[in-house]
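In what follows, a single structure is set out as structure tokens and then discussed.
The values are calculated or read from the model by the stated rules, or taken from the named source; none is laboratory data. Source: prediction; values computed, not measured. All Cβ positions, even for glycine, are placed from backbone atoms using ideal geometry, and neighbour counts span all protein chains on display. Heavy atoms of the whole protein, side chains included, go into the accessibility calculation; ligands, DNA and RNA do not. Shrake-Rupley method; radii C 1.70, N 1.55, O 1.52, S 1.80 Å.
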Amino acid sequence: MKVVDGSSFPDVPGGWDAVEDDAFPCDPGWVPPDAVDLICDADAMVAVFAAERYRRIAAYRREALADAAGRGRGLIDVAERAIRLELAAALRVTEHAAGMLIAEAQALETRYPAALAALGAARVTERHVHVLVELLDPLAATERDAVFPRALVLAEAEPVGTFRRRVRALIDQVRVESLPERHERALDERRVFVEPADDGMAWLNAYLPAVEAHAIHGRLTAIAKAVTAADGDERTLEQARADVFGDLLIDGTCTAHPDAARGIRATVVVTVPALALLDAPTDALNSGVAVVDGVGPIPIDRARELCGGGDGWMRILTHPDTGAVVSVGRERYRPPPALQQLARWRAARCMAPGCGMPADRCDLDHTLAWEHGGHTALTNLAPLCRGHHTVKHHGGWQVRQLSEGTSSGSLEWISPYGRRYVVAPERTLPVFTR
């Protein structure tokens, strides 16, 4: 048996005395850590040392700037560049990477000390900290102060992808400049450009409104799926999507594609508070937020335009009353189209822990399998991407849908090691007037 004195690790909060043995004879009820426990312990240590690195970088910058000022070197930008170069050389990283570390260290020390403390206590990961600084730093001080406390709570509870989406939603709620104003300004920057790549390839990039971007991607995906369903087509979905993209833009048609791939149009789901669609809404009625699946909030005027458009838009109007059909029991295995749309709309994304795959690209899974007595009902349906759908059925996980109170519609995942993860849908069940 070997005892390790925790005092030799002063940077770890509290320190500890660790006994390296297979069991603690003094505690017969002690359960040794499993493989995932050991990984989580290592990840916590990474967070602790990342916090210490940020603290030391901030201290180094302060000392170097003070030394430069003491020597009469008044050019702050030159001193900052020298600091960045020194750190990059010492860590063997690029100056850009060193500059990012310095900027994050300064932000955490001066603007987000509570986040730095949470990282040092391993309550958040370094990736959460990156996202926090990236999203909050561009805000005005008053906006940042309003968002940060709630963002930190989310950082300690949510996976990184979910955390990023929810912080963005918080930011949209507090921004002084309205979404329509920001959108109009951003529209002036729309463009298409090419970036060279290796091996005779290139990236074709388009900066355009998010609604149109997702509609284009959705149409490409639908056509690509139809094309690859043909016998003998061995292309991956990604390859087929790229080929369809070229066919449509270069030739303007898809005449070489099978009949099933023709006539496919873009489909986007837009959710709008019903009263906001009035021709002349008051400020109170206009305060609702319009959301496009996979995109996020859009200006209410743009939402009205979409809701008055063609058949490609699924329009869900929310109102605090009752009246949605949410189950067909065991009368049929395949959910009717309206129930499929409702289940996907509620979840918005794959309902596996941390997954961000849009619901319209997922399988609609019976949480309790049909062959085991499961009903075709909203309380037993959830979108899962193909990979997580396979893991659910063959990976040793147990999954059940929760139906009580605020957890309604959430999925509880129980891992093979017994850990429990609850994934909540993006939206609560919508209700309609009769």
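Annotation note: Cβ proximity below 7 Å between a residue of the stretch 27-54 that is under 23 Å from G418 (Cβ atoms) and a residue that is aromatic (F, W, Y) and in a loop (DSSP other than H, G, I, E, B) (sequence gap 6+ or interchain) occurs for W30/F24; D34/Y417; V36/Y417.
Among the residues of the stretch 41-100, the ones that are part of a helix (DSSP H, G or I) and either touching a Ser or Thr at 6+ places or on another chain (Cβ under 6 Å) or open to solvent by less than 80 Å² (accessible area, probe 1.4 Å) (or both) come to 34 in all. Take the stretch 177-217 and flag every residue that is in a strand (DSSP E or B), open to solvent by less than 80 Å² (accessible area, probe 1.4 Å) and either over 21 Å from D243 (Cβ atoms) or out of contact with any strand residue (DSSP E or B) (no Cβ under 7 Å at 6 or more places or on another chain) (or both). Of everything in the stretch 177-217, just one residue is in a strand (DSSP E or B), open to solvent by less than 80 Å² (accessible area, probe 1.4 Å) and either over 21 Å from D243 (Cβ atoms) or out of contact with any strand residue (DSSP E or B) (no Cβ under 7 Å at 6 or more places or on another chain) (or both), namely F193.
Does the stretch 137-154 include one or more residues that are within 14 Å of the chain's Cα centre (by Cα) and open to solvent by 50 Å² or more (accessible area, probe 1.4 Å)? The answer is no; no qualifying residue exists.
Residue-wise test of (1) more than 28 Å from H128 (Cα to Cα); (2) aliphatic (A, V, I, L, M).
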| residue | (1), (2) |
| --- | --- |
| G354 | no, no |
| G374 | yes, no |
| A382 | no, yes |
| G387 | no, no |
| T390 | yes, no |
| G409 | no, no |
| I414 | no, yes |
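Selection of the stretch 378-404 for residues being surrounded by fewer than 19 Cβ atoms within 10 Å (Cβ to Cβ) and under 16 Å from A343 (Cα atoms) yields T379, H389, R400, L402, S403. Among the residues of the stretch 155-175, just one is open to solvent by 70 Å² or more (accessible area, probe 1.4 Å) and among the polar types (S, T, N, Q), namely Q173.
Kindly evaluate L368 against the criterion of being at pLDDT 90 or above and assigned to a strand (DSSP E or B). No. Just to be sure, is L237 within 24 Å of the chain's Cα centre (by Cα), open to solvent by less than 40 Å² (accessible area, probe 1.4 Å) and either farther than 27 Å from L187 by Cβ or not polar (S, T, N, Q) (or both)? Considered against the rule, which asks whether it is within 24 Å of the chain's Cα centre (by Cα), open to solvent by less than 40 Å² (accessible area, probe 1.4 Å) and either farther than 27 Å from L187 by Cβ or not polar (S, T, N, Q) (or both), L237 comes out as no.
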